[in-house]
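Here the structure is laid out as structure tokens; the discussion comes afterwards.
The values are calculated or read from the model by the stated rules, or taken from the named source; none is laboratory data. Keep in mind that what you see is a predicted model, and the values were worked out from it rather than measured. Virtual Cβ from ideal backbone geometry, glycine too; neighbours counted across all protein chains shown. Remember, those area values only see protein heavy atoms, side chains included, never the ligands or the DNA or RNA. Shrake-Rupley method; radii C 1.70, N 1.55, O 1.52, S 1.80 Å.
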Amino acid sequence: MLRNYIIVAIRDLWKSKYFSLLNILGLGISISVCLLVMMLINDSKNFDRFHPDTDQLFRVITKAVRKNGGLEPYATSPYPLSQLESKQSTLVKQWVPLINRFNGELVINDARFNFRGLATKPGFFEMFGFSLEAGKASDLNQSNVIILSKELTFKLFQDKNPIGQLIKWQDHDFPLQVIGVMKPFPGKTHLQFDALTSIQTIEDLTGKAAFGFNGNNWLDYYAGYHFIKLNKTSDKTSVEAELNSISKERYKSLDLETRDAGYQFELQSIKSITPGILLSNSMGKGLPSVLLIFLSVLGLIIISSAAFNHTNMSLAKAVGRVKEIGIRKVAGAERKHIFSQFIIEAIIISILSTVVGIVFLKLAIPFFNRLQFMQLFDISFKFSTSLLVWYFLFALVVGVFIGLVPSLIVSSIQALKAMQSKGNIGLLKKFSLRKGIIITQLSMTLLFFFIITTGFKQVNYSLQNSFGADKDYVVNLNLQGKDYSKVKTEFGKLKQIKSISGASILMGSYQDNSVDIKLEPGAEQTTVRDYFIDENFIKDFELNLIAGRAFEQDYALKNERTVIVNENFLNRFKLGKPSEAIGKPFYIDTQLISIQGVVRDFRFKPSEYAIEPLLLRYNPAQLNLLHLQMHRGTSPEEAATIVKSLWKTIDPYHPAQWSFYSEDIKRTYSDMKDIVWVVSVFALLAAIICLMGLLGIVAYTISTKRKEIAIRKVIGAELKSLSWILSKSYVSWLVIAVLISIPLATLINNLWLQQFSLRVSWSLMWFIPGLLILSISLILTVGIQIVNASQHNPLQALRNE
């Protein structure tokens, strides 16, 4: 029986080659999108699967309870939690802390290498699936020791034996002895490190060389990570209850951060870290689950559109097969047999489409590999046998999904009506589902177009209004720890440089810093954003100083005395008009500071952020960036040569870290732009699938109206009137789709635009580009078929009838 179903299905596909080709191509495009999403999910699920006992392995995360009622989750947790290891309950089998303050440069024989490191205990190798190629894990309880990754070992020592060698940790001029070399990681992991040192090493450094770590500070929940392995009989909820009882006890007598009301500890399974929820201070590159859900929804929309196409074309083709259905039923076929025949045809189409989809996917992968977020999330597209098996199973599911509605409808046709039919039956002739499907497809396509149009406008609007976006001739130079005044003096000698200014952090980017202030001793502290700048910054970046005066050069300044604030600062703290605020005092920690100037509000953060109170501060020791303003006409190549050559004389060990200000701002929005591009590709695919389905329906409709067209031509109908008669229904469907999609697009656009403080205003331009694209495509799709049909000899059509 199955063999006969397959033979009949193949014969029907071959007989209707045009319909079959459109169906398979449209479905193949949509399946390629779903296969791409499946690849992303499969790749994300490969993170941290090589560790032993992953069902019992958890990370302790911190939820900071804000005074305003909000919660902010952190992947990190306070280091003193590890001190409770000796007092841990019987619920916990093992506890391993990771301190993330071990990084910087390793120096050997005047060669310098950047690295990322973690400080931990010997239990690290018991808890996780990493192993040593040389050395002993137990030596990790000593001080001044380091274990290197295989890659970093080769950079430092090439083929020499590294065990016992000394390396200097440059940031702290601290010698470390190599005690081990790790084997290559057995799989993907969210734990990103090139080297390990002992907790004892970090503890010995505390308080030395300005090392910013205090192992007894419960308020520092940013310093590290805690992983625990539960006993197989342990309950996660019970452990969380113990952790939170510790939290209440430890924090009740402490002065918390200004914005915090308390802290909660929770356990996160290592298997849910990647993909997982978005957390502050996260380590690793894996895709967040919210992005996978977003892409999965887009894939579902695309495959639904292709399913609509199949339903429409299957119903259209079924009109020509009513005699076959009637004969089958008269010969004894039951409804389940007709149903099975059409379901198997749909499954065969789905399998062929999956093959086409895999080809499309292979062609599309190079495009996706060029997107920045692919590197950001460490995504790698790899085909495997197991993945191909999942693809085959997916093809079966899609086949049933797309064939269900046509099979149910066609199998319900009564034998007598089918035998009496002369090519059409009422059920299919006036079937409103087909019209509803086409309108739905047009609406979804327009909705996509409207959303991506707004997306591109928002990205461009953000870029145009971001701080530094217009600074094509300003080079940002990272000082890399060098003295600001000396580097500034050297670059000031170059004739190609017009002016130089300095800052602690790049304004206009997501980087920021904050400080707690209070208006008077004993008052409640408030957190505000702060940036250190030099005396030239306000002038070079054309900030509008509306009261007071700018900073003056004073390299020898040791104690900060004055600051410049923005208008929002005055409004937030009710300091009156700009002229009235000059000289008013407040406190940073215990230091008395006065306001010496006020600048007009400007957007120093990306467009998602509202303008906040701002402190501009002066302290040359805090400056990390030089902004080199080149004379206009300086080419990028010339700027690169100038910066690199002079920097080599200042620091022969490190290459210059520089970039143009405008390019830095573009990179700030690159992830957003990549997402808009991905949605644009999906929108284009949705449009192509919709038009391919429409092409098939139009072709079928015209083929069933050849006699009507011939008669109209014989009695004198012109192409213009024929075109309107044959296309008016499609025009009306497009109008209905527009009326449906515009309110939906307005609602959705307003929802996602709410995350931007600086956002584009509602405009008809959200809708015009997409409407024009789809209208022209629709006119061409329908028009070509109509013109082609009108060219046929009417006598030939009537003779055939």
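The figures follow:
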{"quantity": "Qualifying residue in segment 588-595 (condition: modelled with pLDDT of 90 or more and either at positive phi or crowded, with 21+ Cβ neighbours inside 10 Å (or both))", "calculated": "yes"}
{"quantity": "Of the criteria (1) assigned to a helix (DSSP H, G or I); (2) open to solvent by 20 Å² or more (accessible area, probe 1.4 Å), which one residue 640 fails", "calculated": "(2)"}
{"quantity": "Residue tally, condition over 42 Å from the mean Cα position of the chain (by Cα) and in contact (Cβ under 8 Å) with a residue 24 or more places away in the chain, over segment 555-576", "calculated": "4"}
{"quantity": "Identity of the residue in segment 522-537, assigned to a loop (DSSP other than H, G, I, E, B) and in contact with a strand residue (DSSP E or B) (Cβ under 9 Å, 6 or more places away or on another chain), that ends up least open to solvent (accessible area, probe 1.4 Å)", "calculated": "534"}
{"quantity": "Residue match in segment 379-389 (condition: assigned to a helix (DSSP H, G or I) and modelled with pLDDT of 80 or more)", "calculated": "yes"}
{"quantity": "Looking only at segment 438-492, and only at residues there that are among the polar types (S, T, N, Q) and touching a Cys at 6+ places or on another chain (Cβ under 8 Å), the one that is surrounded by the most Cβ atoms within 10 Å (Cβ to Cβ)", "calculated": "445"}
{"quantity": "Tally, over segment 779-797, of residues that are hydroxyl-bearing (Ser, Thr, Tyr) and modelled with pLDDT under 70", "calculated": "1"}
{"quantity": "Selected residue [open to solvent by less than 40 Å² (accessible area, probe 1.4 Å), assigned to a loop (DSSP other than H, G, I, E, B) and not small (Gly, Ala, Ser)] from 602, 569", "calculated": "602"}
{"quantity": "Test result for residue 231, closer than 30 Å to residue 44 by Cα and open to solvent by 30 Å² or more (accessible area, probe 1.4 Å)", "calculated": "yes"}
{"quantity": "Pairs where the first residue, in segment 609-623, is buried (at least 16 other Cβ atoms within 10 Å of the Cβ) and the second is charged (D, E, K, R) and not in a loop (DSSP other than H, G, I, E, B), C-beta under 6 Å, 6+ apart", "calculated": "612/529; 613/572; 614/529; 615/530; 617/530"}
{"quantity": "Segment 193-210, subset assigned to a helix (DSSP H, G or I) and either modelled with pLDDT of 90 or more or of a type in the set (S, T, N, Q) (or both), residue least open to solvent (accessible area, probe 1.4 Å)", "calculated": "201"}
{"quantity": "Matching option when the condition is closer than 21 Å to residue 686 by Cβ, open to solvent by 60 Å² or more (accessible area, probe 1.4 Å) and either at pLDDT below 85 or among the hydroxyl-bearing types (Ser, Thr, Tyr) (or both), among 762, 752", "calculated": "752"}
{"quantity": "Wholly within segment 403-521, helices (runs of 4 or more DSSP H) carrying at least 1 residues that are modelled with pLDDT under 85 and more than 24 Å from residue 608 (Cβ to Cβ)", "calculated": "415-420, 426-429, 432-464"}
{"quantity": "Residue 776 vs. criteria open to solvent by less than 60 Å² (accessible area, probe 1.4 Å) and either assigned to a helix (DSSP H, G or I) or modelled with pLDDT under 85 (or both)", "calculated": "no"}
{"quantity": "Residue in segment 147-167 that is open to solvent by 10 Å² or more (accessible area, probe 1.4 Å) and touching a residue at least 60 places away in the same chain (Cβ under 8 Å) present", "calculated": "no"}
{"quantity": "Residue count, segment 160-192 (criterion: closer than 15 Å to residue 108 by Cβ, among the charged types (D, E, K, R) and not in a strand (DSSP E or B))", "calculated": "3"}
{"quantity": "Candidates 540, 516, 512, filtered to the one that is open to solvent by less than 40 Å² (accessible area, probe 1.4 Å) and among the acidic types (Asp, Glu)", "calculated": "540"}
{"quantity": "Residue satisfying all of: in segment 649-686; among the charged types (D, E, K, R) and closer than 22 Å to residue 631 by Cα; least open to solvent (accessible area, probe 1.4 Å) among these", "calculated": "664"}
{"quantity": "Filter pass, residue 258 being under 30 Å from residue 145 (Cα atoms) and open to solvent by less than 50 Å² (accessible area, probe 1.4 Å)", "calculated": "no"}
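A quick yes/no check of all residues on (1) among the β-branched types (Val, Ile, Thr); (2) under 30 Å from residue 95 (Cβ atoms):
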site: 6; (1), (2): yes, no
site: 10; (1), (2): yes, no
site: 21; (1), (2): no, no
site: 27; (1), (2): no, no
site: 32; (1), (2): no, no
site: 51; (1), (2): no, yes
site: 58; (1), (2): no, yes
site: 68; (1), (2): no, no
site: 73; (1), (2): no, yes
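To keep it simple, each residue is scored yes or no on (1) polar (S, T, N, Q); (2) within 16 Å of residue 383 (Cβ to Cβ); (3) at pLDDT 75 or above; (4) not in a helix (DSSP H, G or I).
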residue	(1), (2), (3), (4)
19	no, no, no, no
23	yes, no, yes, no
32	yes, yes, yes, no
51	no, no, yes, yes
